[in-house]
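Novice: Pasting a structure below so you can have a look.
Values quoted throughout were computed directly from the atomic coordinates according to the rules given, and no laboratory measurement underlies them. This structure is a prediction, so every number in the text was calculated from the model and none was measured. Note: ideal-geometry Cβ built from the backbone for every residue, glycine included; neighbour counts use all protein chains shown.
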Amino acid sequence: MLLAGGADVALLDCGFDLSDAAAGERAFAQGHLPGALYVHLDRDLCGAKTGRNGRHPLPGRTAFAARAGGWGIGPQTQVVAYDAQGGVYAARAWWMLRWLGHEAVAVLDGGTAAWLAQGGTLETRPGARAPGPAFPAATPAHGAPLAPSVDVEALQVAMARGETIVIDARAPERFRGDVEPLDPVAGHIPGALNRFFKDNLGADGRFKSPEVLASEFAALGVAAGQPGPASVVHQCGSGVTACHNLLAMTHAGLHGSALYPGSWSEWCADPHRPVARG
């Protein structure tokens with residue numbers, strides 16, 4: 001066990017609620033894994049919003065590298081992110097740290113519930129780690145990033161050429177455009193396929209086996225080969241739940257797919273972009 005072995009481990013509690021931005025902090029105050037730091041989606045895992053770049057745009061890489069360093073995360077730190085919402089917000093932290101170039105990051109499968117089921121305890125005092133320098137973020141000169149992303153212009157070009165599979169992680173009713181509780185326009189990006197992020201989990205709240213996940217993504221045309229994972233782009237409402245599908249694919253051994261961070265909330269902010277429903 002990492003915590004018992006004396007390794008440099010940073011626990012990040014990423015609990016959040018899109019309909020109540022303070023809910024995660026309240027839950028953290030009521031009890032969290034020993035030594036965990038709280039990471040807030042809007043403050044820590046999101047950049048400045050313009051009204052046209054989505055509800056949870058990425059921060060600048062330099063700014064997030066400084067934030068990670070402030071959490072005491074360095075190249076040798078093993079990071080474990082978790083939440084009580086099926087891993088969706090923890091997956092965003094996982095993806096963003098990989099976006100910096102950090103390989104030693106994982107998501108606690110099953111989150112808080114799994115910790116308690118194994119006899120773990122919670123504490124209420126906030127965790128503390130000595131802040132360090134900014135994380136030495138990867139740059140293009142260091143080769144392909146662990147977690148690539150695409151902007152809306154590049155996505156439109158790739159889709160027009162038929163060079164990519166776009167997978168939308170939202171619930172089916174939102175994908176179809178039956179309802180839209182968060183964004184001003186209902187529907188989805190034309191040509192996108194739907195893979196609800198919750199389908200990555202079993203009845204116990206943990207990720208399905210790599211074999212099952214690989215089979216289910218293969219049903220969408222995603223497999224090593226034709227086309228390969230590198231031609232897959234994930235999106236959702238605002239670039240958060242899409243990271244859950246990215247994590248599931250990585251768990252299944254399907255590496256290299258990209259995130260469209262702006263996702264539907266950016267796409268639908270421009271009335272000239274097409275919208276599909278049904």
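Novice: Can you list the residues, at least 5 places off or on another chain, whose amide H is less than 5 Å from the amide H of A81, using H built in the peptide plane?
Specialist: Here L12, A106, V107, L108 satisfy the definition.
Novice: Still on this structure, I have one more. Could you calculate the FRET efficiency of L220 with A29 from 1/(1 + (r/R0)^6), where r is the beta carbon distance between them and R0 is 30 Å, rounded to 0.05?
Specialist: Efficiency for this residue pair is about 0.15.
Novice: Ordered by residue, what ³J(HN,Hα) values in Hz, to whole numbers, does region 256-263 give under the Karplus form 6.51 cos²θ - 1.76 cosθ + 1.60, where θ = phi - 60° and Gly and Pro are x?
Specialist: Karplus-based 3J(HN,Hα) across region 256-263 equals x, 6, 10, 9, 9, x, x, 6 Hz.
Novice: Skipping prolines and chain starts, which residues have an amide H placed within reach, meaning under 5 Å, of the one on V166, given they are 5 or more residues away or on another chain?
Specialist: Under 5 Å from the amide H of V166: L193, V233.
Novice: Which ³J(HN,Hα) values, rounded to whole Hz and listed in residue order, are derived for region 123-129 from phi using the Karplus coefficients 6.51, -1.76 and 1.60 in 6.51 cos²θ - 1.76 cosθ + 1.60 with θ = phi - 60°, glycine and proline given as x?
Specialist: Result, ordered by residue: 10, 10, 6, x, x, 9, 9 Hz.
Novice: Using a Gaussian network model on the chain with a 10 Å cutoff between Cα atoms, which of M159, M249, M96 fluctuates the most?
Specialist: Its mean-square fluctuation being the largest, the pick is M159.
Novice: Which shape class, rounded, prolate or oblate, goes with region 92-226 when its Cα gyration tensor gives a ≥ b ≥ c as root eigenvalues, a/c under 1.5 marks rounded, and past that a/b bigger than b/c marks prolate?
Specialist: On the way: a/c = 1.73, a/b = 1.27, b/c = 1.37.
The shape class here is oblate.
Novice: Do me a favour and compute the ellipsoid semi-axes for the chain from its Cα gyration tensor, root of five times each eigenvalue, largest one first, whole Å.
Specialist: So the equivalent ellipsoid measures 30, 20, 20 Å along its semi-axes.
Novice: Please say if region 152-267 is rounded, prolate or oblate, where rounded means a/c under 1.5 for a ≥ b ≥ c the square roots of the C-alpha gyration tensor eigenvalues, and otherwise the choice is prolate for a/b larger than b/c and oblate otherwise?
Specialist: Note, shape of region 152-267 comes out oblate.
Novice: Here's another thing I want to ask about it. Taking θ as phi - 60°, what are the ³J(HN,Hα) couplings along region 169-179 by the Karplus curve (6.51, -1.76, 1.60), each to the nearest whole Hz, with x for Gly and Pro?
Specialist: Karplus values, whole Hz, x for Gly and Pro: 8, 6, 4, x, 5, 6, 4, 5, x, 5, 9.
Novice: What spacing in nm lies between the two simple spin-label points modelled at D204 and V179, each 7 Å away from Cα in the Cβ direction?
Specialist: 3.0 nm
Novice: With the cut-off at 1.5 for a/c, could you classify region 3-142 from its C-alpha gyration tensor as rounded, prolate or oblate?
Specialist: oblate
Novice: V9 to V212: FRET efficiency via 1/(1 + (r/R0)^6), r the Cβ-Cβ distance, R0 25 Å, to the nearest 0.05?
Specialist: Values: r = 29 Å, r/R0 = 1.15.
So, using R0 = 25 Å, E works out to roughly 0.30.
Novice: Report relative contact order for the chain in percent, whole number only (criteria: Cα-Cα under 8 Å, sequence separation at least 6).
Specialist: Relative contact order of the chain: 21 percent.
Novice: Using Cα-Cα distances under 8 Å and only pairs 6 or more residues apart, what relative contact order does region 3-142 have, in percent? Don't skip to the end; give the middle numbers.
Specialist: Details: 248 pairs, mean separation 44.4, N = 140.
Here the relative contact order equals 32 percent.
Novice: Between A114, A219, A192, where does the largest GNM mean-square fluctuation fall for the chain, given springs only between Cα atoms within less than 10 Å?
Specialist: Fluctuation is largest for A219.
Novice: May I ask which residue of L45, G120, V79 lies farthest towards the positive end of the charge dipole of the chain, with charges of +1 (Lys, Arg) and -1 (Asp, Glu) on Cβ and the Cα centre as origin?
Specialist: Of the options given, the answer is L45.
Novice: With +1 on the Cβ of every Lys and Arg and -1 on the Cβ of every Asp and Glu, and nothing else charged, how large is the dipole of the chain about its Cα centre, in debye rounded to the nearest 20?
Specialist: Using only the charged Cβ atoms, the result is roughly 300 debye.
Novice: Separation between the H272 and Q76 pseudo-spin-labels, each 7 Å from Cα along Cα→Cβ, expressed in nm?
Specialist: So the two model labels end up 5.2 nm from each other.
Novice: Counting other Cβ atoms within 10 Å, keep those with at most 14, restrict to DSSP loop, and tell me which GluC sites (Glu not before Pro) in region 115-212 are left.
Specialist: Within region 115-212, the qualifying GluC sites (Glu not before Pro) (loop, at most 14 other Cβ atoms within 10 Å) are E163.
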